[in-house]
Amino acid sequence: MANRRPFIGGNWKMNLHKQDALALASALADRVTGDAVQVAVFPAFPYLLPVATVLHERSAPIAVGAQDFYIKPNGAYTGEVSLSMLQDCGVTTVLVGHSERRHVLGETDPLINDKVLAALEAGMDVILAIGEKIEQREAGKTDAINIGQLGYGLAGVSSEQMKRVTVAYEPVWAIGTGKTATPEDAQKAHAVIRQAIAFMFDQTIADGVRIQYGGSMKGSNAAELLAQPDIDGGLIGGAALKAEEFAAIIDAAAVPA
Ligand code: PGA
């Protein structure tokens, strides 16, 4: 994990109704107290404000992030939510490029790039998620896919803005499947991603960027993944829905590699 502060995100996806979301936020406020690890949770839109309120009232060191947003500041965009509306609700971080948005909701690399730029322009922190599908891995295209998604996603981002960007490497075949990349395979992909960032920006920026692993990370496998030199945290789906399981991952991240 080098000298980078580990970053663990909990992507609640389209799960947890109000009572469960608030109960989870409250349980996490009890359990997460230190600042060795940066922690953020990503509730569904209707619960952003109440979850942020609970965490704020409890002075919990947990940021609230949004799973999606629209790039325009306001106007006739039925159904969409702007970045400033999210900021009103206490949101400081946004997810961009998650595989479900790419492959289920049809988001393209150019839209993902527009979102990255709009969010950074608005002062948000960004987690840019990238990752290959199983057929791409089997065809030996893992690195090419990652480098391509990274290049598209970060086009036009300044060196200064890169300080607010985290990359999440999430092999699509590992998300929600119980299949995890081996620590060695994940490390290889992360090292290539860091190299690509050094090529696009410079080595100092690449050394500072956190690269999270995502894809069936849980309490029982977090430590060995996080022990890899280029894995700086995790983006967690299923295991983020239970306070103890999520907190176990945060505990694993707090242990110096
Ligand atoms: P998972 O999801 O932990 O359930 O595999 C990860 C993610 O989608 O970010």
statement: Sorting PRO46, ALA27, ILE8 by the position of each Cα along the dipole of region 1-76 (Lys, Arg +1; Asp, Glu -1; all at Cβ), the one nearest the positive end of that ordering is ILE8
Interchain or long-range residues, amide H under 5 Å from GLU170's placed H: ILE130, GLY131, GLY214
Net length gained if the chain between GLU135 and ALA36 were fully extended (0.36 nm per residue, minus Cα distance): 31.9 nm
message: Give me log10 I(q)/I(0) at q = 0.16, 0.17 Å⁻¹ for region 1-128, Debye formula, one equal scatterer per alpha-carbon, no solvent.
response: -0.81, -0.91
- request: Run the quick spin-label model on LYS242 and VAL104: label points 7 Å from Cα toward the beta carbon, then report their separation in nm to one decimal.
  value: 2.1 nm
- prompt: Given H placed on each backbone N at 1.01 Å, which residues far from VAL209 in sequence or on other chains put an amide H within less than 5 Å of it?
  reply: none
query: Just how many pairs of Lys in the chain have C-alpha atoms closer than 14 Å, counting pairs that are eight or more places apart or on different chains?
result: 7
- prompt: Once phi is turned into θ = phi - 60°, what whole-Hz ³J(HN,Hα) does the Karplus curve with 6.51, -1.76 and 1.60 give for every residue of region 139-152, x standing for Gly and Pro?
  reply: 8, x, 9, 3, 5, 4, 5, 4, 5, x, 5, 5, x, 4
- request: Enumerate the amide H contacts of VAL94 below 5 Å, restricted to partners 5 or more residues apart or on another chain; note that Pro and chain-start residues carry no placed amide H.
  value: ALA66, ASP125, VAL126, ILE127
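Over the Cα atoms of region 100-209, Rg to Rh with Kirkwood Rh, two decimal places?
Ratio of gyration radius to Kirkwood radius for region 100-209: 0.96.
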query: Just from the alpha-carbon atoms, what are the Rg and Dmax of the chain in angstroms?
result: 16.9, 50
query: Mind listing the phi-derived Karplus ³J(HN,Hα) values for region 128-135, rounded to whole Hz, using 6.51, -1.76 and 1.60 with θ = phi - 60°, and x for any glycine or proline?
result: 9, 9, 9, x, 9, 7, 4, 5
For region 158-166, 3J(HN,Hα) per residue [Karplus equation, 6.51 cos²θ - 1.76 cosθ + 1.60, θ = phi - 60°, Hz, x = Gly/Pro]: 7, 4, 5, 5, 4, 5, 9, 10, 10
- line: Relative contact order in percent for the chain (Cα pairs under 8 Å, 6+ apart) equals 22 percent
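Select from region 1-77 those chymotrypsin sites (Phe, Trp or Tyr not before Pro) which occupy a DSSP coil region and have at most 12 other Cβ atoms within 10 Å, ordered by residue number.
Working: sites: PHE7, TRP12, TYR47, PHE69, TYR70, TYR77; in loops: TRP12, PHE69, TYR77.
Within region 1-77, the qualifying chymotrypsin sites (Phe, Trp or Tyr not before Pro) (loop, at most 12 other Cβ atoms within 10 Å) are TYR77.
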task: Under 14 Å from the Cβ of MET14, count the other residues' Cβ atoms, weight Lys and Arg +1, Asp and Glu -1, and hand me the total.
output: 0
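Readers should treat all values here as calculations from the given coordinates under stated rules, not as data from a laboratory. Fair warning: this is a prediction, and the values are worked out from it, not measured in the lab. Ideal geometry is used to build each Cβ from the backbone, glycine not excepted, and the neighbour counts take in all protein chains shown.
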